[in-house]
Amino acid sequence: MLRCCGDEDIATQGCRRAALSRALAARTDVVVDLGELTFADSSLMLDLAIVARRLRMAGRRLHLRNAQPQVWRVIEVVGVHRLPGVVLDPHSPVPA
């Protein structure tokens, strides 16, 4: 499981790359807990989209959980929730 917390933006992109690479090496679906993430920009969403694509190519999925409303808006604007292979936790908000 990956856990994002605090702020994730272009300045923190290098820090999260190692964790994302390790997640891709796992043989299971990848779960990303966004519950403690207070800010995210499109750079995080792009990274998650790339991970989702690579997982899908390997027959696995990316699960997004516990996104706060402000983070959910970024997910929705970028469209990560509509990508094949992305699964939303039942407790996450669903787009209207």
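Modelled this way, with points 7 Å down the Cα-to-C-beta line, the labels at Asp29 and Glu76 are 2.3 nm from one another. log10 I(q)/I(0), Debye, Cα-only the chain, no solvent, q = 0.14 Å⁻¹? Log-scaled intensity ratios, in q order: -0.43. Which loop-located trypsin sites (Lys or Arg not before Pro) does region 1-54 contain, where loop means any DSSP state but H, G, I, E or B and the Cβ has at most 12 other Cβ atoms within 10 Å? Here the sparse-neighbourhood loop sites are Arg27. For the chain, the per residue solvent-accessible surface stands at 57 Å², with DNA, RNA and ligands left out and a 1.4 Å probe. Note on Arg54 and Ala18: the model spin-label points, each 7 Å out from Cα along the C-beta direction, lie 1.6 nm apart.
The values are calculated or read from the model by the stated rules, or taken from the named source; none is laboratory data. The shown structure was predicted, so the numbers you read here are calculated from the model rather than taken from an experiment. Neighbour counts are summed over all protein chains in view; Cβ atoms, including those assigned to glycine, are modelled from backbone coordinates with ideal geometry. In case anyone asks, the SASA skips ligands and DNA or RNA and just uses the protein heavy atoms, side chains included. Shrake-Rupley method; radii C 1.70, N 1.55, O 1.52, S 1.80 Å.
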